[in-house]
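Participant: The following block contains the structure, expressed as structure tokens.
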């Protein structure tokens, strides 16, 4: 149970980073932390105490493996997170070129 | 070659990089080709291969030979990787169903087995490796244009 | 029984054309790129019409396509039923017209092949999300569509567009995180990812605290994607900054597919919710109608005005669906179709004005009707259709929603819908009045009407706005009825899909 709680703390740190930080780069880092908390939670769901890695091989018993599906899903989710992070960083660099700052309180040409 | 020691990182880093890039490349290829037997596969292998090139640029500076790869070529290769994956999936139509594994499955735990899965691993590896390298190149170029201003 | 073969084309065709355009775009003339794009959009429209034809013969037909031939709870499947057919037709119709429009409109921007690549990736995501029968696959397609829309919002790479895109991307990614968390919890509870199988499992298990929690997570996630009122902050920026054809796509179909369709599918067919969640949906819908319109009336930027109006129309759809009665759902879905066409039309008109005079500020334009008659007239049709004047199609859907509210005894919600209709009329008439009526300004003496393809797609959408009411006639009503039946069947969805997969 403790480990789920730690995962929740990681989630809260990520959310704090997105909501409270004023620097674009720190917001992106907060988003990454949020994504990792999600992935960690998904892997934990499939974890089985003293289970072995879900690799099929000739010799070993298939029964005491951890659940492989969440690991596959997390791999997909990591790829998606990579794509979003790359896009966000390139947009942030372009914003820096246009505005000359990373501070979101100074980037407010849009309002209403 | 003009003054080689000025650009990039120090001599130690360059020497180590020269030694280590080859093994990293081979390791990436290994991960990619054995993806259907052990952990790894196209994505992980592609990332490792891309990172070996990224390492070269980091160590030898922006003027290293690898960074002369044009973004055009990279994005073409990436699209070709995606199309290859789609073709592997479309190959299943020959057997009657999308994504159907129509090739000979072979003996389990041998390198040449599992039908179309190694092919899709290869195409994903191409797509991810080139794509990640292209992202890196694009960010480096963006950085470069900003400094020139 | 029909062969469900054709449903895979909805993913294959746009994906193929996206990467094909990305390669050939650098070496051939733009004319060929446009040709490839229009042909594949047209093929998609034809295939969605084929789907409608199947529904016309048997409106309760469910087609299941098993990818790779794997049996159902284990493999990934594609499910085509009434709701999917309805959404596919809406999405591909709008996409086809917008593709034609963009051919001329995107001359303003530099890189047309890149635009079409992203456009088709977005279309892949939307079609895949509609057609899939697997919960995680739904998430993946949702992300494909979202990421390409983030990039498309930033397509002009001007300061405002980048800012809007960043805001949109952060909000959208947080929403995706909530959805992912919900899917993870559901997988942990039901040990399956197939939506049909999950509906079966959930109906056998006793209910516990998890389902309400997951419902709230999905409501937050999809509510953010659909821009219901407490979560609407990103929408006006993103939709007003994007290129006009993309605004039309985002407002017309993207938020409906990503937000509303996924919400309906999961809430009604998988979780089987009722009672308090539906009341929450209705409340959010009514709130969206009023709040967004009050904000819309005071805007001076055409596209920002339209974007706020989008939020309120989403409110109508959610209100109708949240009623949970056959009449309410019918009204909600019909309004979904109507809003797709009329709001796309209005955004395309705004784009045409922008194309001709290079401004979006209403105070700077006046009397454009003399120079741009097609744009002005189609804009008038779109405006009255969206605000619900008979005999245009918006009137019927709003009437049905109001009647359904009264039938259930929610007089307050019915009143909100009627007031919202008046406010919509005032908002869109403000645009009509300032942009097209009045004296022609001196500096606009030399402007021309927009090119042919832009006029063509605007006229097509205007014709749909005029005759859209015929969808309620008995011969054509299968289009809406089959979709309504899918929502009403609730968790029976699981049983029906399982039976269809064995056949």
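The values are calculated or read from the model by the stated rules, or taken from the named source; none is laboratory data. Predicted model only: the values in this text are computed from it and were never measured. Ideal geometry is used to build each Cβ from the backbone, glycine not excepted, and the neighbour counts take in all protein chains shown.
Participant: Return the residue satisfying two criteria in turn: it lies in segment C:25-44 and is touching a residue at least 40 places away in the same chain (Cβ under 8 Å) and facing another protein chain (nearest Cβ under 10 Å), and of such residues it is surrounded by the fewest Cβ atoms within 10 Å (Cβ to Cβ).
Facilitator: C:26
Participant: From the list C:59, C:22, which one is in contact with a helix residue (DSSP H, G or I) (Cβ under 8 Å, 6 or more places away or on another chain), part of a loop (DSSP other than H, G, I, E, B) and in contact (Cβ under 8 Å) with a residue 12 or more places away in the chain?
Facilitator: Exactly one of C:59, C:22 is in contact with a helix residue (DSSP H, G or I) (Cβ under 8 Å, 6 or more places away or on another chain), part of a loop (DSSP other than H, G, I, E, B) and in contact (Cβ under 8 Å) with a residue 12 or more places away in the chain, namely C:59.
Participant: Same structure again: Residue A:85 passes all but one of (1) touching a residue at least 12 places away in the same chain (Cβ under 8 Å); (2) more than 27 Å from residue C:187 (Cα to Cα); (3) assigned to a helix (DSSP H, G or I); which number fails?
Facilitator: (2)
Participant: Somewhere in segment C:89-96, is a residue within 14 Å of chain B (Cβ to nearest Cβ), within 21 Å of the chain's Cα centre (by Cα), under 15 Å from residue C:9 (Cβ atoms) and at pLDDT 85 or above?
Facilitator: Scanning segment C:89-96, I find no residue that is within 14 Å of chain B (Cβ to nearest Cβ), within 21 Å of the chain's Cα centre (by Cα), under 15 Å from residue C:9 (Cβ atoms) and at pLDDT 85 or above, so the answer is no.
Participant: Same structure again: Taking only segment C:435-463 into account, find how many residues are under 29 Å from residue C:340 (Cα atoms) and in a helix (DSSP H, G or I).
Facilitator: 14
Participant: Give me the pairs, please: first residue somewhere in segment C:104-120 and touching a residue at least 40 places away in the same chain (Cβ under 8 Å), second residue anywhere and surrounded by fewer than 18 Cβ atoms within 10 Å (Cβ to Cβ), beta-carbon distance under 6 Å, and either six or more positions apart or on two chains.
Facilitator: Close Cβ pairs satisfying both conditions: C:104/C:451; C:112/C:30.
Participant: Hey, could you check segment A:59-91 for residues that are away from chain C (no Cβ under 11 Å) and modelled with pLDDT of 85 or more and say which is farthest from the chain's Cα centre (by Cα)?
Facilitator: Across segment A:59-91, the extreme among qualifying residues is A:71.
Participant: Looking at A:14, A:35, A:30, can you tell me which residue is within 13 Å of residue C:177 (Cβ to Cβ) and touching a residue at least 40 places away in the same chain (Cβ under 8 Å)?
Facilitator: A:35
Participant: Against the definition (touching a helix residue (DSSP H, G or I) at 6+ places or on another chain (Cβ under 8 Å) and either more than 14 Å from chain C (Cβ to nearest Cβ) or modelled with pLDDT of 70 or more (or both)), how does residue B:99 come out, yes or no?
Facilitator: Spelling it out, residue B:99 is indeed touching a helix residue (DSSP H, G or I) at 6+ places or on another chain (Cβ under 8 Å) and either more than 14 Å from chain C (Cβ to nearest Cβ) or modelled with pLDDT of 70 or more (or both).
Participant: Additional query: Can you tell me which residue is surrounded by the fewest Cβ atoms within 10 Å (Cβ to Cβ) among those in segment A:96-112 that are at the interface with chain C (Cβ under 7 Å from one of its Cβ atoms) and modelled with pLDDT of 80 or more?
Facilitator: Step by step, filter segment A:96-112, then rank; the result is A:98.
Participant: Just to check your reading of the model, which residue among C:184, C:196, C:242 is touching a residue at least 24 places away in the same chain (Cβ under 8 Å) and within 28 Å of residue A:32 (Cβ to Cβ)?
Facilitator: On inspection, the qualifying residue turns out to be C:242.
Participant: Go through (1) part of a helix (DSSP H, G or I); (2) surrounded by 20 or more Cβ atoms within 10 Å (Cβ to Cβ); (3) over 23 Å from the mean Cα position of the chain (by Cα) for residue C:68 and report which single condition fails.
Facilitator: Among (1) part of a helix (DSSP H, G or I); (2) surrounded by 20 or more Cβ atoms within 10 Å (Cβ to Cβ); (3) over 23 Å from the mean Cα position of the chain (by Cα), the lone unmet condition for residue C:68 is (2).
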